[in-house]
Amino acid sequence: MAARGGAVSNEVAVGRRLGLDTLDRLGGQRRGWIGPAVDPRALRVGIVHLGIGAFHRAHQAVFTELAAAATGQDDWGITGVTQRSASVRDQLMPQDGLYSVLERGVGAAPLRVVGTVRDVVFGGGDPAAVVDRIADPAVRLVTLTVTEKGYRRDGTGRLDRSDPEVAADLGGQPPRTVVGQLVRGLQHRLAHDAGPVTVLSCDNLVGNGDVLRGLVQDFVDALPSSEAGGLADWIASSVRFPSCMVDRIVPATTDEDRADVLAVLGLEDRGVVVAEPFSQWVIEDDFAADRPAWQRAGAVLTNDVAAWEAVKLRMLNASHSLLAYLGALSGYDTIAAALSDDRLAAAAEALMVEDVTPTLQVPDGLDLDDYRCQVLNRFANPALRHRTVQVAMDGSQKLPVRLLGTVRDRLSAGAVPRYAALAVAAWMVYVAQGRDVRGRDLPLDDPMADRLRTATAGAGGGPGRVVDSLLRIPEIFGADLAEHDGFRAALVEHVGRLMKG
């Protein structure tokens, strides 16, 4: 379908919801939006995506549709799996899988309707269907955006077999964890000779492909030999786990965003996602079968993702977290508002320049100074309204991959990373105080929330006690950081100042 033009009639606009029929009826009646780049009705499913939230729909799904359009391929439709609730299924399926991507900021493209999602399954309600989709011979790719906590790792980075859901999946329940779904799906592929498949993690984890491969192997190793027979060997020969790095800011959709889409499109879209104009995808070129021509849509295919990944995690994601915690404590509702505070902006830049840059191996062709400026300009985009408390979610999972690698590298070099310590301290105060300078409550949305509350509840009011109560949680900080006097002292200093407001 091509771009539309003209003026929409009230008869079309009022009370109508996005879908294949309503989209077709608009015909050439409206300007300001772009229709699906491929015909959704002609698409066959070749990808299963676990964790079909806003980020996937604004990022990988768009790359996939543009790649299919560039090559004329019609076998890269997506079946999305929503893990935690049926809300995305209920948003998209009455719309025939269609949704729009609304870009905000300078250089924003027109509203785009995306048609590459052809089915959505609620894994919590129908786990057997997830296994069946993964085992479909037409599927050659399984991709994931399940956030750091979705991998259910223990403090050593291995599969957490003490997790009740992991244990139940290993015991034979219809699988509800991501790793359980993958392994049971791979078992079915082997049993039905469904062919090789690539499993591509798109989450913010260092070496995400290697991490996922290891967790799958942990699950297989824990199975009884009667169930696992030949599975490990088949995975080694027929499944690939490439790493990748993804980047696009995708804030939560608001009622105002939905109203703007209605004004532009003339149809109600309950699945709209909002994004900045920028989008980046760097993928390790290691696939078990064919793949979409993502490079035709602007992705970078490479043999070495690690350097790109480190730059993004340590510069962009780390400074994002710093601004989220400092901004929330200071009473700022959005990242852009936090960055308008000169003190916070200086801290974010100093984190990247003084602490992060000495730890990086810069990829060929990347100007780190330009990248740093680009990061700050993207964060300053007021049109995104990316909420500080949204970025602050899951801190116990994010700190180790975003900040603590930098901390350890700088400590090993004999330097205490002052601004990385400030970001960690801001998280500690966010957890311990739970309110901003205006006295407003701050939500602690974290898989370890109960553990964090228990630790800080017994810490008393002093900064040293707050630091020690959290620094001694080995699942977050390991055993080494609590023993480093210089790092602890920096944390205590920062926490004391932040607690005074």
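Label separation (ALA70 vs ARG440): 4.2 nm, computed from points 7 Å beyond Cα along the C-beta direction. At q = 0.11 Å⁻¹, what log₁₀ I(q)/I(0) does the range 10-302 have when each alpha carbon counts as one equal point scatterer in the Debye sum? Debye output, listed in q order: -0.63. The packing ranking, built from the mean of other Cβ atoms within 10 Å per residue, places the peptides 214-222, 315-323, 360-368 in the order 315-323, 214-222, 360-368, highest first.
Per the Kirkwood definition applied to all pairs of different Cα atoms, how many angstroms is the hydrodynamic radius of the range 367-424? Please report the intermediate quantities before stating the final value.
Numbers: mean 1/r = 0.0744 Å⁻¹.
Result for the range 367-424 stands at 13.4 Å.
Distance between the pseudo-spin-label points of ARG453 and ARG17 (7 Å out from Cα toward the beta carbon): 3.6 nm. Other residues lying with their Cβ under 15 Å from the Cβ of LEU159 contribute a combined charge of -2, Lys and Arg counting +1, Asp and Glu -1. A straight line joining the Cα centroids of the range 281-315 and the range 424-501 runs 36 Å. Over the range 306-499, one equal point on each Cα, no solvent: what is log10 I(q)/I(0) by the Debye formula at q = 0.09, 0.11, 0.15 Å⁻¹? Calculated log10 I(q)/I(0) at the listed q: -0.30, -0.45, -0.85.
Taking a Cβ cut-off of under 14 Å around ALA297, the surrounding Lys, Arg, Asp and Glu residues balance to a net charge of +3, with basic ones at +1 and acidic ones at -1.
Return the equivalent ellipsoid semi-axes of the chain as a descending list in whole Å, where each equals the square root of 5 times an eigenvalue of the C-alpha gyration tensor.
Numbers: eigenvalues 272, 176, 87 Å².
Equivalent ellipsoid of the chain: 37, 30, 21 Å, largest first.
The range 221-378 gives an Rg/Rh value of 1.08, both radii derived from C-alpha positions and Rh following Kirkwood. Between the range 246-274 and the range 14-79, the alpha-carbon centres lie 15 Å apart. Of interest is the spacing of the C-alpha centroids, which for the range 378-407 and the range 105-120 amounts to 24 Å.
Could you tally the net charge around GLU284, taking each other residue with its Cβ under 13 Å from the Cβ of GLU284, Lys/Arg +1 and Asp/Glu -1? Walk me through the intermediate numbers first.
Working: positive: ARG213, ARG240, ARG291; negative: ASP210, ASP285, ASP286, ASP304, GLU309.
Value of the local net charge: -2.
Any read-out appearing in this document is the output of simple, stated calculations on the displayed coordinates, not a laboratory observation. Every value quoted in this text rests on a predicted model; they were computed, and no experiment measured them. We place every Cβ from the backbone using ideal geometry, glycine too, and count neighbours over all the protein chains shown.
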